[in-house]
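Engineer: So that we are looking at the same thing, I have put the structure below in structure tokens.
The values are calculated or read from the model by the stated rules, or taken from the named source; none is laboratory data. Since the model is a prediction, treat every value here as computed from it, not as a measurement. We place every Cβ from the backbone using ideal geometry, glycine too, and count neighbours over all the protein chains shown. With ligands, DNA and RNA removed, areas are computed over all heavy atoms of the protein, side chains included. Shrake-Rupley method; radii C 1.70, N 1.55, O 1.52, S 1.80 Å.
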Amino acid sequence: MTSLADLRVIDAATLFAGPSAAMMLGDFGADVIKIEHPRRGDPSRGHGAAVDGVGLWWKTLSRNKRAAAVDLSREEGQEILRRLADRSDVLIENFRPGTLERWNLDPADLMARNPRLIVARMTGFGQFGPMAGRPGFGTLAEAMSGFAAMTGEPDGPPTLPPLALADGIAGLALSYAIMVALHARERTGRGQVIDVAIIEPILGLLGPQMSAYKALGVVPRRTGNRSSSNAPRNAYRTRDGRWLAISTSAQAIAERVVTLVGRPDLVEQPWFGSGAGRVEHVDELDEAVAGWIAERDAAEVVARFEEAQAAVAPIYDVSDLATDPQYAALDTFVEVPDAELGSVTMQNVLFRMSDTPGEIRWPGRPLGRDTDEVLGELDYTGERIAELREAGVIG
């Protein structure tokens with residue numbers, strides 16, 4: 001049993017934030033219909049590594065989605081979306097504010113036809129404000145949120161993440177917002193409009209930076225792999241050249257770490273009793289921990305930390321992920337049959353549920369693969385579908 005099997009979701013968004021939210025809904029059974037331009041498709045098809053011209057990122061991002069190619073800038077394409085929205089629960093879009101309205105697809109009009117429809121709007125800067133009309137991507141959110149300013153070495157430049165971080169966070173936020181709206185609909189019988197700006201959800205993961213700034217004038221600075229909240233916390237190199245990450249967010253863990261590395265005297269220091277106090281003495285703490293680790297191989301360090309019930313983890317690259325026994329036990333990565341590539345390895349659904357687990361039914365499909373099927377469900381005849389294809393409205 002899949003928990004969202006009674007939902008139909010239109011994914012009319014592109015790239016990562018909106019489509020990732022739709023992917024999460026599809027993982028738990030929603031019928032997700034991916035709408036793309038018949039000739040251009042979603043740009044994410046061309047992002048990242050590819051096999052024989054087939055994008056691997058796309059295979060994950062559009063898994064469990066039916067692929068329909070419709071030109072929404074054309075009147076006939078707009079009518080297709082209206083008829084589809086009449087029979088759907090959620091529409092996800094990420095066009096610049098005003099685009100749907102210009103295409104005669106105003107959310108208010110769509111909801112007048114289908115009062116239960118939820119219209120989820122994902123944009124860089126939101127639906128209003130001085131920057132609303134600008135093109136917006138996750139990189140800009142990572143820059144504007146303060147993330148880049150606090151990431152990197154103290155004497156180095158601000159550092160942007162090598163991944164679609166803000167998009168992924170916004171996608172998680174949007175999937176949550178959609179579920180809240182669906183729950184509210186159970187009580188009210190009405191859908192609503194959701195407005196998510198990519199620049200906002202990432203702020204929630206950066207801690208109370210605005211609270212600290214307003215109350216104390218604190219501006220976060222770059223600390224490398226150290227933490228501004230607790231110590232010791234860093235990446236440490238072992239004798240055999242491996243890197244290990246250590247965290248001491250809990251007081252008891254911090255005490256175990258310094259005791260393990262031969263400095264139990266530090267526990268008795270008055271400053272050791274809080275994360276803030278330890279941060280003020282981070283050089284002394286790092287010297288003790290780094291020196292002890294540098295004299296030992298990674299396997300010994302990890303074993304000793306585990307015996308002491310202290311928190312440590314190896315710093316992996318993807319080749320390590322492929323052989324890690326914990327990820328294997330969790331079935332974090334699965335092999336999925338694919339019509340184009342034979343099979344694709346991808347990350348499994350994000351969490352496990354005892355009664356209504358999610359599943360990957362198929363990877364992302366070729367452009368327009370399910371257009372005829374989707375239009376047939378909207379009562380378009382085979383002759384009319386052929387006419388629309390000839391006119392370039394569908395692909």
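Engineer: Using a simple spin-label model with points 7 Å from Cα along the Cα→Cβ vector, what separation in nm is obtained for Ser249 and Asp355?
Structural biologist: The two pseudo-label positions are separated by 3.0 nm.
Engineer: Can you work out the accessible area per residue across the stretch 233-286, with the rest of the protein chains kept in place, probe 1.4 Å, in square angstrom? Could you put the intermediate results ahead of the total?
Structural biologist: Working: 2760 Å² over 54 residues.
Dividing the accessible area of the stretch 233-286 by its residue count gives 51 Å².
Engineer: Dividing the convex hull volume of the Cα atoms of the stretch 285-395 by its residue count, what figure in Å³ per residue is obtained?
Structural biologist: On the way: hull volume 23.7 nm³, N = 111.
Spelled out: Cα convex hull of the stretch 285-395, divided by residues, is 214 Å³.
Engineer: Given a Förster distance of 22 angstrom, what is the FRET efficiency for Glu153 paired with Lys214, based on the Cβ-Cβ distance and rounded to 0.05? Walk me through the numbers on the way to the answer.
Structural biologist: Working: r = 28 Å, r/R0 = 1.25.
Calculated transfer efficiency: 0.20.
Engineer: Excluding residues fewer than 8 places away in the same chain, name every one of the aspartates and glutamates whose C-alpha is closer than 16 Å to that of Lys59.
Structural biologist: Candidates past the 8-residue exclusion: Asp11, Asp27, Glu36, Asp42, Glu335, Asp338, Glu340, Glu359, Asp370.
Engineer: Let me ask you something else. From the helices alone, meaning DSSP H stretches of at least four residues, give me the mean residue ellipticity at 222 nm for the chain, per-run term -39500 (n - 2.57), in deg cm²/dmol to the nearest 500. Can you show the working numbers first?
Structural biologist: Values: 17 runs with 148 residues, N = 395.
Result for the chain: -10500 deg cm²/dmol, rounded to the nearest 500.
Engineer: What's the carbon and sulfur percent of the chain's accessible surface, probe 1.4 angstrom, rounded to a whole number? Don't skip to the answer; put the middle values down first.
Structural biologist: Working: 10610 of 19720 Å².
Ligands and nucleic acids excluded, carbon and sulfur give 54 percent.
Engineer: Probe of 1.4 angstrom, ligands and nucleic acids ignored: what's the accessible area per residue over the stretch 176-218, in square angstrom?
Structural biologist: On the way: 2800 Å² over 43 residues.
Accessible surface, normalised per residue, equals 65 Å².
Engineer: Stokes-Einstein at 37 °C, 0.692 mPa s, Kirkwood radius from Cα pairs: D for the chain in µm² s⁻¹?
Structural biologist: Details: Rh = 23.9 Å.
D = 137 µm²/s.
Engineer: Follow-up. As an exercise, use a Förster radius of 30 Å and the Cβ-Cβ distance of Phe128 and Ala184 to find the FRET efficiency, rounded to the nearest 0.05. Don't skip to the end; give the middle numbers.
Structural biologist: On the way: r = 22 Å, r/R0 = 0.74.
Using R0 = 30 Å, I get an efficiency of 0.85.
Engineer: Let me ask you something else. Pop the C-beta distance of Asp317 and Asp265 into the FRET formula with R0 = 30 Å and round what comes out to the nearest 0.05.
Structural biologist: Details: r = 37 Å, r/R0 = 1.24.
Result of the calculation: an efficiency of 0.20.
Engineer: For the chain, give the share of DSSP beta bridges that are antiparallel, in percent and rounded to the nearest 5; count only bridges with both residues there. Please list the in-between numbers first.
Structural biologist: Details: 16 of 38 bridges.
Within the chain, antiparallel bridges account for around 40 percent of the total.
Engineer: Provide the per residue accessible area, probe 1.4 Å, for the stretch 1-77, rounded to a whole number of square angstrom. List each step's numbers first, then the result.
Structural biologist: On the way: 2610 Å² over 77 residues.
Here the per-residue accessible area is 34 Å².
Engineer: Using label points projected 7 Å from each Cα along Cα→Cβ, tell me how many nm separate Glu76 and Glu390, to one decimal.
Structural biologist: It works out to 0.9 nm between the two label points.
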